[in-house]
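A quick write-up on the structure given underneath.
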Amino acid sequence: MEMRRAGNSGLTLSRLGLGTMTWGRDTDEHEAAEQCRAFFDAGGNFLDTANTYGDGDSERVIGGLVGVLINRDDLIIATKSGLNFHEGVRSVDASRHTLIAELDKSLARLNTDFVDMWQIHAWDSLTPLDETLAALDYAYTTGRARYVGLSNYVGWQLSRAATKQQANSMKAPITTIQSEYSLLNREVEIELLDCAHECGVGFLAWAPLARGVLTGKYRNGIPSDSRGAAPHFAKHIEPYLGPRSKRIVEAISVAATGLGYSPLEVALAWVRDAPGVTSSIIGARTGAQLRGVLQSEEISLPEVVRIALNDVSA
């Protein structure tokens, strides 16, 4: 698998990252281990998780695999802090106290002394940015995090944070920004991708398959075994089932048929090789599903197809 540098840093990530949101909840330890084998056999090195995934169970599953199935030195572990769902209610707390406490709990669950990348999960409008950045500095200088990044920040928020850190060589540089990006959601093209490039920050795309919608599985309804049928995922998929989405999915399917690929391969390759993208984070419930996703590594989209998909999804 191709490796790419994250922005101006020395951090090298596989151009596909393995997302673990379902681990410990919809994906048990055995399936997680199978996914790890398939991913690392394909040359991947980047695991993405967060303290909220499965209420910490995702990190616990990864912790059980580290040193047993996975050589820690060959692995890039990225986790996030600052976002919680207490009794199903979303809350953001990027205060220094909360962030550092959450990081230490993540390290214990992950069974490691450090994470390769620690990311602030969301912008906190109630906490001064300098306080949030001070938590990143603490994690960086104490060795708890080798690199630090941000998630779900818009362009001006990334610009403020990255510029503040760059202005002082003693502070932790912002290495990555993670945000949603797919043929159904291209909002990051408005300013965030350009901002990341100008700030020397690597871009990580999450939901490159629009939560599975771009695979074509929802063209004729919601399969009973899909995420769209799961109560905790349905609300995230429903916005992508409208007429515009259907038109784009049909265009992807036509392109896939003409090229001899699957819609999944076409949609993922479009994001993976889009200008400015360092790595695209993929997820699967089973090892078999993941092996199907990894087949996209073998393809490259012709420029004429990329242009056509750009136009239909603009």
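Every number in this text was worked out from the coordinates using simple rules, so none of it is lab data. Keep in mind it's a predicted model, so treat the numbers as computed, not measured. Here Cβ is always computed from backbone atoms with ideal geometry, including for glycine, and neighbour counts include all displayed protein chains.
Quick one: Cα centre-to-centre distance for region 236-314 and region 1-56, in angstrom? Region 236-314 and region 1-56 have Cα centres separated by 19 Å. The region of the chain that goes longest without hitting one of the GluC sites (Glu not before Pro) in a DSSP loop, each with at most 12 other Cβ atoms within 10 Å, is 88-314. With the charge dipole of region 157-214 set up from +1 on Lys and Arg Cβ and -1 on Asp and Glu Cβ about the Cα centre, the Cα lying farthest toward the positive end among the listed residues Gly200, Leu184, Gln166 is that of Gln166.
The aspartates and glutamates within cross-link reach of Lys217, meaning a Cα-to-Cα straight distance under 15 Å and a gap of 8 or more places when in the same chain, are Asp225, Glu238, Glu250, Glu265. Averaging 1/r across all pairs of distinct Cα atoms in the chain and inverting the result yields a Kirkwood radius of 19.8 Å.
Working note: Karplus 6.51/-1.76/1.60 with θ = phi - 60° gives region 92-102 the couplings 10, 9, 9, 6, 4, 4, 5, 4, 5, 4, 5 Hz, where Gly and Pro are set to x.
Suppose a student asked you for the relative contact order of region 169-214, using Cα pairs under 8 Å spaced at least 6 residues apart; what percent would you report? Intermediate values should be presented prior to the final figure.
Working: 47 pairs, mean separation 23.1, N = 46.
Once normalised by length, the contact order is 50 percent.
Among Ile62, Gly44, Ala78, pick out the residue whose Cα is farthest towards the positive end of the charge dipole of region 38-104, where Lys and Arg carry +1 and Asp and Glu carry -1 on C-beta, about the Cα centre. Towards the positive end, the residue furthest out is Ala78. With one equal scatterer per alpha carbon and no solvent term, the Debye-computed log10 I(q)/I(0) for region 70-116 at 0.22 1/Å reads -0.82.
Calculated mean residue ellipticity at 222 nm for the chain: -12000 deg cm²/dmol, from DSSP H runs with n ≥ 4 weighted as -39500 (n - 2.57), summed, divided by the residue count and rounded to 500.
Normalised radius of gyration (Cα atoms, divided by 2.2 N^0.38 Å) for region 56-209: 1.03. Looking at this model, which pairs from Lys164/Lys235; Lys80/Lys164; Lys105/Lys164; Lys80/Lys171 are more than 25 angstrom apart at the alpha-carbon? Listed pairs above 25 Å: Lys164/Lys235; Lys105/Lys164.
Basic side chains Lys and Arg get +1 at the Cβ, acidic Asp and Glu get -1 at the Cβ, and with that the dipole of region 247-314 about its Cα centre reaches some 240 debye. For the chain, the antiparallel share of DSSP beta bridges with both residues in that region comes to about 20%. In sequence order, region 209-219 has phi-based couplings of 9, 6, 6, x, 5, 6, 6, x, 5, 9, 4 Hz under the Karplus curve 6.51 cos²θ - 1.76 cosθ + 1.60, θ = phi - 60°, and Gly or Pro positions carry x.
About the centre of its Cα atoms, region 22-148 shows a dipole size close to 200 debye [charges on the beta carbon of Lys, Arg (+1) and Asp, Glu (-1) only; nearest 20 debye].
Quick check on region 26-147: of the DSSP beta bridges with both residues there, what percent are antiparallel, nearest 5%? Each step should come with its number before you reach the end.
Values: 4 of 14 bridges.
Antiparallel bridges make up about 30 percent of those DSSP assigns within region 26-147.
Calculated translational diffusion coefficient of region 10-61 (25 °C, 0.890 mPa s; Stokes-Einstein with Kirkwood radius over alpha-carbon pairs) equals 217 µm²/s.
Just rank Met3, Met117, fewest to most, by other beta-carbon atoms within 10 angstrom. Intermediate results must be reported in sequence, preceding the final value.
Values: Met3 13, Met117 25.
If I rank by nearby Cβ atoms, fewest first, I get Met3, Met117.
Using only alpha carbon pairs under 8 Å that are at least six residues apart, calculate the relative contact order of the chain and give it in whole percent. Dividing the mean separation by the residue count of the chain yields 19 percent.
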